[in-house]
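A short worksheet on the structure shown next.
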Amino acid sequence: MAIFQQDSATNTPQQRKLYAVYELVYTLVDAMAAILFLIGSALFFYASLQTPAIWMFVVGSACFALKPVLRVVREFHLLAIGDIDSLADRYR
């Protein structure tokens, strides 16, 4: 199973379920980051709310940083439940 290729990540029912769970978490993190940035942007219109706005940007940025980490973790998780021997044979 090659990494970062959706076709090979959905070979078995277990792999399809795992892939779907990671995609759901990825989408939720993405939506949370967007919402935090949107609300944080609106809060900057009020001087008294700048500190919460800054925190929303920091947390939103952390969410954006988490997205590629989730993708890599998903790929290693799929590799762990896949056929590692055939993966090694393909790269010889």
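Just so it is clear, none of the values below were taken in a lab; they were calculated from the coordinates. Remember, predicted model here, so these are calculated numbers, not experimental data.
Tabulated results
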read-out	value
Relative compactness, region 13-90, computed as alpha-carbon Rg over 2.2 N^0.38 Å	1.57
Contour excess over end-to-end distance, with Cα ends at Thr51 and Lys67 and 0.36 nm allotted per residue	3.3 nm
Calculated from backbone phi, Karplus (6.51, -1.76, 1.60) coupling profile of region 32-39 in Hz, x at Gly/Pro	4, 4, 5, 5, 4, 5, 5, 5
Length-normalised contact order of region 13-90 in % [C-alpha pairs under 8 Å, at least 6 apart]	38 percent
